[in-house]
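First the structure, in the form of structure tokens, and then the observations on it.
The values are calculated or read from the model by the stated rules, or taken from the named source; none is laboratory data. These figures come from a predicted structure and were not determined experimentally. Neighbour counts are summed over all protein chains in view; Cβ atoms, including those assigned to glycine, are modelled from backbone coordinates with ideal geometry. Ligands, DNA and RNA are excluded from the accessible area calculation, which covers all protein heavy atoms including side chains. Shrake-Rupley method; radii C 1.70, N 1.55, O 1.52, S 1.80 Å.
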Amino acid sequence: MKLQIPAITLLSVILSACGGSGGSGGSNDTTESPSNSGSTTAPTQANQVPYDVPAYIKALNQANLQQNNPPSSSKSDVVDAGEYNGFDNDYFYIDSDTGWLTFSMSDDSNRSELRFVDNFKTNTSKIYTLSAEVLPINPSASVANSSDGQEMTLMQVHNKGTSAKTDDSVLSHPLLRIVWDGESRTDDDTGDAYSNAYWAIIKTNDFECSNSSGDNYNANCPDSYDFYYLADYDSATPTKFDIEVGDSRLKIDVDDQQKVNFDITYWDALYSYFKVGVYNQFENGTSTVQFKSLILNDSKLPFAALDETEAPSENFNLASWYLSIPTDDDNSGTADSIKEDDLNDGFEEYPYFYTSTDDGGMVFYDDGEGYKTSKNTAYTRTELREMLREGDTSISTQGVNKNNWVFSSTSTSEQAKAGGVDGILDATLAVNQVTTSGDDYQIGRVIIGQIHAKDDEPVRLYYRKLPNNSKGSIYFAHEPRTGSEVWVNMIGSRSDNASNPSDGIALDEKFYYQIKVVGDLLSVTIMRDGKDDVVSTFDMSNSGYDQDGQYMYFKAGVYNQNNTGGDAAQATFYYLNNRH
């Protein structure tokens with residue numbers, strides 16, 4: 001494993017109090033940690049792999065990894081789209097210094113590349129985009145011993161023929177390659193020559209030109225490519241490339257300046273797809289290329305494949321969850337629990353839990369006036385509870401067993417009994433409604449994600465928007481097993497009289513969160529399009545969760561933190577993934 005903590009905006013909070021006040025009620029008996037605190041650095045996040053890093057999850061959900069592995073072998077799909085949990089190897093990993101996605105490969109005509117699975121036509125009104133900040137690492141040294149070429153392909157628009165299938169219509173050549181080349185080339189537009197630079201190599205027809213004696217070879221093949229200089233190589237800073245394809249045009253921006261705007265009407269009959277990574281066109285060397293960012297179709301937020309006509313269980317993998325809703329159909333006097341099998345059999349219960357007919361999102365709604373899950377809780381909820389047993393009722397809900405997970409800081413015997421060790425919860429959502437009346441300390445707040453332990457809550461993630469503010473805040477509470485809760489502001493403030501957070505999140509604005517635990521290190525990430533990620537890390541080594549008997553489970557949905565206002569909270573989830 002090759003990752004340490006990502007090189008992104010970091011808020012580190014170290015627990016100095018040891019203990020918890022027990023719950024999500026008022027604000028007494030707590031320790032406050034201010035937003036943007038520059039406190040002591042938390043322990044390093046070790047053992048992360050590419051799929052752990054929020055910025056790359058969307059891309060990895062939509063691309064297969066193709067490698068020559070080992071380099072002497074033929075190219076093959078090493079990992080399918082969305083199946084990257086826990087995976088890295090020598091040719092695909094996170095760099096421990098930069099925290100960036102890294103591709104490496106040895107020798108000529110070998111590759112380590114992501115092949116995006118979506119095949120698209122370039123002549124439609126829909127625009128397809130791929131953006132990346134790319135930095136080859138000392139490429140001149142990589143190609144120093146090559147006697148045949150000094151080129152590395154970094155990004156491509158390739159083709160899948162006229163039927164989007166593997167058949168005779170598939171050309172051997174991509175429409176576009178963005179490359180680094182150590183040798184001198186001449187720009188076909190200006191006539192100027194450059195070396196150690198980035199280039200766009202564009203195929204200017206739809207002919208098959210790989211074999212001059214082939215049946216499909218065309219006399220125009222020798223003039224089939226244009227070369228356009230894009231930028232000089234900068235060893236200190238990644239270069240940003242934006243590819244846009246649609247309306248029969250290919251556009252390329254470099255560091256936000258347009259460099260190419262090309263008519264590709266000749267490509268209209270062909271399907272295309274994106275590729276990124278490294279593909280060597282040189283001998284006797286090893287390439288290493290880092291991607292600081294990788295954004296498909298203008299958004300880095302992961303989304304499930306959503307169908308507004310289907311139940312939530314058809315759009316989301318809910319096999320390892322049950323649902324609490326504030327109804328009492330079983331006359332138990334407490335909220336109903338929809339167990340795993342029933343939840344995954346197309347369950348919906350309007351208005352509490354259903355699929356939005358507008359966008360296919362999974363809607364959680366709570367009006368604050370229904371039934372509670374137990375006599376010990378003060379608030380109502382529509383919320384998922386993680387169930388690793390996936391419907392196997394021979395396994396108890398509670399306890400250190402195959403239904404729950406533990407921290408890797410606990411004993412090996414406890415880890416062996418658990419259903420998982422350490423965990424990550426990823427979610428993309430929008431908060432649609434919060435309460436606007438009631439006691440001051442309750443107005444506008446809702447819990448959207450949790451880790452629950454045997455009796456306490458290592459983390460409760462809150463969204464809060466006050467009535468006079470246009471945007472809401474994000475913060476979390478950490479509850480140690482004894483002592484005071486600690487509250488951590490991430491965006492804005494949790495204060496009852498907080499001003500409008502300038503960098504806050506509006507109602508109906510989509511954002512992503514990740515809750516992650518490795519050992520005793522908790523990290524919470526908030527990710528939005530067009531803004532830097534916000535990350536808080538928290539040292540739980542004094543919180544008591546590494547003791548035997550402490551089991552964990554994730555929760556996600558709407559846990560309405562207002563029982564005095566009489567109005568509702570609602571959130572719509574567009575992506576949800578729990579993993580261990």
What one gets for region 444-580 as the Kirkwood radius, inverse of mean 1/r over different Cα pairs in Å, is 15.8 Å
Shape descriptors of region 263-409 over alpha-carbon atoms, Rg and Dmax in angstrom, are 23.0, 74
With bins of 10 Å, the percent of all Cα-Cα pairs of region 442-493 per bin from 0 is 25, 49, 22, 4
Here the equivalent ellipsoid of the chain, derived from its Cα gyration tensor, has semi-axes (largest first, whole Å) of 48, 25, 23
Taking alpha-carbon centroids only, region 362-417 lies from region 193-252 a number of Å equal to 53 Å
Computed over all unlike Cα pairs, the Kirkwood hydrodynamic radius of region 216-316 in Å stands at 17.9 Å
Of the listed pairs Lys165/Lys203; Lys75/Lys126; Lys454/Lys510; Lys58/Lys121; Lys160/Lys516; Lys75/Lys531, those with alpha carbons more than 29 Å apart are Lys75/Lys126; Lys454/Lys510; Lys160/Lys516; Lys75/Lys531
Per the helix-only model, the chain has a calculated mean residue ellipticity at 222 nm (DSSP H runs of ≥4, -39500 (n - 2.57) each, divided over all residues, rounded to the nearest 500) of -1000 deg cm²/dmol
Answer check: region 334-425, Cα atoms, Kirkwood Rh, Rg/Rh ratio of 1.04
Summing +1 per Lys or Arg and -1 per Asp or Glu among the other residues with Cβ less than 14 Å from Asn220's Cβ gives -3
Given a 1.4 Å probe, the accessible area of region 139-287 per residue, as a whole number of Å², is 44 Å²
Sorted on mean Cβ neighbours within 10 Å (highest first), peptides 254-263, 364-373 come out as 364-373, 254-263
Among Val459, Ile526, Phe241, the residue whose Cα sits farthest towards the positive end of the charge dipole of the chain, when +1 is placed on the Cβ of each Lys and Arg and -1 on the Cβ of each Asp and Glu, is Val459
Rounded to a whole %, the carbon-and-sulfur portion of the accessible area of region 432-504 at a 1.4 Å probe is 37 percent
Rounded to the angstrom and largest first, Cα extents along the principal axes for region 113-201 equal 41, 29, 27
Cα pairs beyond 14 Å in region 352-397, in percent, come to 65 percent
Over the Cα atoms of region 264-348 the radius of gyration and the largest Cα-Cα distance (Dmax), both in Å, equal 23.6, 74
For the chain the mean separation of alpha carbon contacts under 8 Å (6+ apart) over residue count, i.e. relative contact order in percent, is 18 percent
